[in-house]
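I'd like to ask you about the structure that follows.
The values are calculated or read from the model by the stated rules, or taken from the named source; none is laboratory data. Keep in mind the model is a prediction, meaning the values are calculated, not measured. Glycine gets a Cβ as well: all are built from the backbone with ideal geometry, and neighbour counts include every protein chain shown.
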């Protein structure tokens, strides 16, 4: 067992983790940062974000508008104090990226350009063509190289948060290359491991997005908040689930059903013209658009394809020159993965699991209830996204709260003493013992078998629309799967790059997350944002204007508590899109 | 569901078990729209859980799954089975030590990225509270070189990477050029000691294979030729620049 002593340990080196690391280095270059990730930084899934990052910079746009759009977009489940801070710090966070070299697309006068996005009243989404996440991630990674106090531990798979119940003392990990057991100790730990889309079978998320960090915090006693809210992005490619950015609609793309009809006008998002028009039709919020697909499918108005029903995303009217300038990746992906050149044909698309609004309970300083443990990015829930995130708020979120996590972790590291080995030794051994047990089984359940069964219940029972019966079924199945997980067999016993072992550990985390999602969804007997209950079709502010908080009870199901939403100046109202929103 | 069965041969290397790599064959029932990565995932899920490789995004942007497919460097997630015969061989990228199976040791590349100072070294401070102005033509000067996903196909394709262990390589040099060409940057002379060294652009013999295999059309070969030109001009202008520095 090797011990690495640091002042701040960061788990996850995607957008939020890198931003946090830079913030620590800038706050105090004498603090030793251990930046760990199960992959190289540039493989992190921030890389796949396409459309852009929201921040008020143009004349005519206001922080108040960004606040209102975000709060109503989140169906009033956002903590408004968090949203106020978020919209206020957003422009500076994006400018900082510009100063570090991010190749933002430009206006003719050389200023940063912005585009329209769903649910946003004004143009405020900064973009780098349709590879915004890619450029943000690479800019952050490349910038991070110049800080000697950031020591990277690429390809270290984190296992558990070390805690004595009072404070966080570090994390355990396995070096992927050697299989060596490593303890990272520090008085401050930042979890920045992204979301858990892989809990579902059909997702835009990469293979690595298995909710490891969420599950680490959960096992350490930190509640997971609002986990019933899972966002379906309305436009993924059938079969693969590859994301086709909302920017395609922001630039003027339309959605049509099998009759060539712009069906969104039937779902309180019309009238269709004039187009393009913000907060209407194809520029409505993601939850409403994905739900509209579900209804079209039931009406038999979607288009059948060999890999599931689709509708058409049509961007032909933009013309080849504009598509090449603004949406080159959309063209590349469509041509390669569905054989469609969007210059000449509409792109087949369907809703696909994209983003977890819920996550590790974190406050405005990215601090969790466990002293010394911070969380930022998709794995965290600061509650700026509420029940439905608006497109282009998440890239900004990881910058704003990644930086805050770094600054506050630095503050904590300077104030608190490191824990002694005797304080964490037992917890570390228990953590490694868990891995040893997993490797000890010779025969038993298979990873693919349990994973496929988990996928069947998440998609089948906890998808776009939910109801009590199927959710109860899912609750029983997931409990059984967790029990069977104890008999999982890992045939690969090697130390070096034992990817099967890591897949097994990821599956364990995903089962915990799936169980939390199902229980949180069962508890919320109302429909709000991305959580739609067929048996409780209305929003119920009397009972459920509150966050769900799922706490681990070990091998058993979570305990669900509730906490009121923070409201500062926007009382819950009706979400208005389409004509009346103008 | 299956429309076709392919024979997928994987160059296996498990350092704890064997001294030399060996080919292992799997028969994989495939769907028409599959890529090589899907076939590998089928093997891992259903035939042999010990086969090891890196992957994540499955959309040709994270750069994890570079490997040789029938001897050509390719992204496994963008190598469509329909473009290959029924017998496909996958092997790790060339010119890197192999850690295990299809997984290479990429330390050399990570070090090269830092050696060329692949980050913005500002030429001047931006205006208070605002952005640097950058025209679209200024953006166009470097945009292509900023598209590198660090997949390392170009290192596998480049003969010089194989011949000279110290060579910084196409992707790292292209990224140095990306910053040199950025109107916000003033760091070219700070990058020169690395990029114009014996391990830098002059190692390139302009075979051009790097640009051929690049899945993102970054054209590292073009970047390197432009850097050679700039480096030559630096050398020619050195006496004048010295005088400027003195003044």
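Take the residues in region A:430-462 that are surrounded by fewer than 19 Cβ atoms within 10 Å (Cβ to Cβ) and under 26 Å from the mean Cα position of the chain (by Cα); name whichever of them is farthest from the other protein chains (Cβ to nearest Cβ).
Step by step, filter region A:430-462, then rank; the result is A:460.
In region B:51-64, how many are in contact with a strand residue (DSSP E or B) (Cβ under 7 Å, 6 or more places away or on another chain) and free of Cβ contacts under 8 Å to residues at least 60 places away in the same chain?
Going through region B:51-64 one residue at a time, the tally reaches 4.
Out of A:309, A:266, report the one residue that is over 16 Å from residue A:349 (Cβ atoms) and away from chain B (no Cβ under 14 Å).
Answer to the selection: A:266.
I would also like to ask the following. Quick check on this structure: which one of A:496, A:528 is surrounded by fewer than 23 Cβ atoms within 10 Å (Cβ to Cβ) and touching a residue at least 60 places away in the same chain (Cβ under 8 Å)?
Of A:496, A:528, the one residue that is surrounded by fewer than 23 Cβ atoms within 10 Å (Cβ to Cβ) and touching a residue at least 60 places away in the same chain (Cβ under 8 Å) is A:496.
Yes or no, residue by residue, for (1) at pLDDT 95 or above; (2) farther than 20 Å from residue A:199 by Cα; (3) surrounded by 24 or more Cβ atoms within 10 Å (Cβ to Cβ):
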site: A:340; (1), (2), (3): yes, yes, no
site: A:377; (1), (2), (3): yes, no, yes
site: A:387; (1), (2), (3): yes, no, yes
site: A:401; (1), (2), (3): yes, yes, yes
site: A:411; (1), (2), (3): yes, yes, no
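Every residue in region A:145-158 that is within 8 Å of another protein chain (Cβ to nearest Cβ) and touching a helix residue (DSSP H, G or I) at 6+ places or on another chain (Cβ under 8 Å), please.
Answer for region A:145-158, where residues must be within 8 Å of another protein chain (Cβ to nearest Cβ) and touching a helix residue (DSSP H, G or I) at 6+ places or on another chain (Cβ under 8 Å): A:145, A:154.
Looking at the structure I just gave you, is residue A:133 assigned to a helix (DSSP H, G or I) and within 13 Å of chain B (Cβ to nearest Cβ)?
Judged against the criteria, residue A:133 is a match.
Okay, next question. Using beta carbons and a limit of 7 Å, which pairs, at least six apart or on different chains, have the first residue in region A:446-472 and free of Cβ contacts under 8 Å to residues at least 24 places away in the same chain and the second one assigned to a helix (DSSP H, G or I) and surrounded by fewer than 16 Cβ atoms within 10 Å (Cβ to Cβ)?
What qualifies is A:448/B:46; A:470/A:460.
Looking at (1) within 11 Å of chain A (Cβ to nearest Cβ); (2) touching a helix residue (DSSP H, G or I) at 6+ places or on another chain (Cβ under 6 Å), which is the one condition that is false for residue B:158?
So the condition that residue B:158 fails would be (1).
Keeping to region B:23-50, report how many residues are over 27 Å from residue A:305 (Cα atoms), in contact (Cβ under 8 Å) with a residue 12 or more places away in the chain and surrounded by 20 or more Cβ atoms within 10 Å (Cβ to Cβ).
1
So, in region A:488-503, of the ones that are within 27 Å of the chain's Cα centre (by Cα) and either within 27 Å of residue A:522 (Cα to Cα) or assigned to a loop (DSSP other than H, G, I, E, B) (or both), which residue ends up nearest to the other protein chains (Cβ to nearest Cβ)?
A:497
If residue B:141 passes every condition in (1) surrounded by fewer than 20 Cβ atoms within 10 Å (Cβ to Cβ); (2) more than 8 Å from chain A (Cβ to nearest Cβ); (3) part of a loop (DSSP other than H, G, I, E, B) but one, which one does it miss?
(3)
Now for a different question. Tell me, please, whether a residue that is over 30 Å from residue A:10 (Cβ atoms), part of a strand (DSSP E or B), touching a residue at least 60 places away in the same chain (Cβ under 8 Å) and touching a helix residue (DSSP H, G or I) at 6+ places or on another chain (Cβ under 7 Å) can be found in region A:352-374.
no
With the requirement that a residue be within 17 Å of residue B:165 (Cα to Cα) and over 11 Å from the mean Cα position of the chain (by Cα), what does region B:198-217 give you?
B:198, B:199, B:200, B:201, B:202, B:203, B:204, B:205
For region B:82-107, which positions are under 22 Å from residue B:212 (Cβ atoms) and within 13 Å of chain A (Cβ to nearest Cβ)?
B:82, B:83, B:92, B:102, B:104, B:106
Let me ask another. How many residues does region A:445-487 contain that are closer than 15 Å to residue A:507 by Cα, touching a strand residue (DSSP E or B) at 6+ places or on another chain (Cβ under 8 Å) and not in a helix (DSSP H, G or I)?
Of the residues in that region, 3 qualify.
Checking residue B:112 against (1) within 23 Å of the chain's Cα centre (by Cα); (2) outside the structural domain of residue B:195 (by TED's automatic domain parsing), only one condition comes out false. Which one?
The one condition residue B:112 does not meet is (2).
Can you name the helices (runs of 4 or more DSSP H) wholly within region A:228-344 that have at least 1 residues being within 30 Å of residue A:560 (Cα to Cα)?
Qualifying helices (runs of 4 or more DSSP H): A:286-298.
Going by the structure shown, is residue A:399 under 28 Å from residue A:459 (Cβ atoms) and touching a helix residue (DSSP H, G or I) at 6+ places or on another chain (Cβ under 6 Å)?
No: the conditions fail for residue A:399.
Among residues belonging to region A:201-221 that are touching a strand residue (DSSP E or B) at 6+ places or on another chain (Cβ under 8 Å), part of a loop (DSSP other than H, G, I, E, B) and surrounded by fewer than 24 Cβ atoms within 10 Å (Cβ to Cβ), point out the one that is farthest from the other protein chains (Cβ to nearest Cβ).
The extreme case among them is A:221.
Let me spell it out: the conditions are (1) in a loop (DSSP other than H, G, I, E, B); (2) within 25 Å of the chain's Cα centre (by Cα), and residue A:518 meets all of them except one. Which number is the exception?
(1)
Would you confirm whether or not region B:114-121 contains a residue that is within 10 Å of chain A (Cβ to nearest Cβ) and either modelled with pLDDT under 95 or over 29 Å from residue A:154 (Cβ atoms) (or both)?
The answer is no; no qualifying residue exists.
Looking at residue A:127, is it closer than 30 Å to residue A:290 by Cβ and away from chain B (no Cβ under 12 Å)?
yes
Here's something else I'd like to know. Is it the case that residue A:392 is more than 21 Å from residue A:26 (Cβ to Cβ) and either under 13 Å from the mean Cα position of the chain (by Cα) or touching a residue at least 24 places away in the same chain (Cβ under 8 Å) (or both)?
Taking the combined requirement at face value, the residue satisfies it.
Which of the numbered conditions does residue A:340 fail, given that it passes all the others? Conditions: (1) touching a strand residue (DSSP E or B) at 6+ places or on another chain (Cβ under 9 Å); (2) in contact (Cβ under 8 Å) with a residue 24 or more places away in the chain; (3) outside the structural domain of residue A:184 (by TED's automatic domain parsing).
If we test residue A:340 against (1) touching a strand residue (DSSP E or B) at 6+ places or on another chain (Cβ under 9 Å); (2) in contact (Cβ under 8 Å) with a residue 24 or more places away in the chain; (3) outside the structural domain of residue A:184 (by TED's automatic domain parsing), just (2) comes out false.
Let me ask something else. Select from region A:531-582 the residues that are in contact with a helix residue (DSSP H, G or I) (Cβ under 7 Å, 6 or more places away or on another chain) and assigned to a strand (DSSP E or B) and write down the one among them that is surrounded by the most Cβ atoms within 10 Å (Cβ to Cβ).
Ranking the qualifying residues of region A:531-582, first place goes to A:531.
For region B:155-176, state whether one or more residues are outside any helix (DSSP H, G or I), more than 21 Å from residue B:114 (Cα to Cα) and not assigned by TED's automatic domain parsing to the domain that holds residue B:80.
no
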